[in-house]
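No value in this document is a laboratory result; all are computed from the given coordinates. Model, not experiment: these values are computed from the prediction. Note: ideal-geometry Cβ built from the backbone for every residue, glycine included; neighbour counts use all protein chains shown.
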């Protein structure tokens, strides 16, 4: 599950320091392109069927005491993986999967609200937000397929691409509390956090997987988790080693003894993790038997010496 929050600075979506009108228009694109019999409608935790102009007006008006250059809203993207979408469709069918993803989005906005740790912001109903389910993603100039000329910019991508886009106001539903997921306050200074709020991005991303797994009974391999990916990129050596060991144990429990040694770290990495110096390793007595090749070499040398002694 991929959760991402942006400021909608892309040209085709407009900025987030003025009106959200361009973004609302952009997110209506599938209804314009495909003209479905039942267009996807805007929804939130209170209701559905909101018209685009209503979304724009309510977000644009909810900006009391915000300066001209301050963000007025944020764009939140909820993107399930191919496996997660397939799981939903297997359980609920095509339309049921869409309904369940919408219900899941409401719970994610509960997590979003609670992440700020503000006394009067406890769930999605304390926020001003509107969401839109989309069925497709489209190639951009950044995609390798476009660069290789195997696809054209603007063409829909293949595979399961269902996702939800959410516009959430910078201010809460009462238009009195500022809420920014880009805040640098992490909760260590309680006085500042209680006044300015805080937002733990890692905890929020982890909540996306936790809520999905609990809600839909989804079994997620360790290597498919945000925690694994984040640790492999940003974690220390000891953390990565511990996670690799956890993965190895999990694989053994599932498939028996794993023959894949590609996950093992080099001796140098293990020395760093254990605080062992190269000199200590070289002076240490080997705790393994010599390989067959070494044994054969020693045997040949011993036989040669014995032959030399017999020839005198």
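Some observations on this one:
- Cβ crowding within 10 Å ranks 56, 32 as 32, 56, fewest other Cβ atoms first.
- Taking other Cβ atoms within 10 Å as a rough exposure proxy, 83, 142 sort from fewest to most as 142, 83.
- Gyration tensor verdict on segment 11-131 (Cα atoms; rounded if a/c is under 1.5, prolate if a/b is larger than b/c, oblate otherwise): oblate
- The Cα atoms of segment 2-220 give a gyration tensor whose axes a ≥ b ≥ c have a/c of 1.5 or more with a/b greater than b/c, which makes the shape prolate.
- Going by neighbour counts of Cβ atoms within 10 Å, the residues 61, 248, 240 line up, fewest first, as 61, 248, 240.
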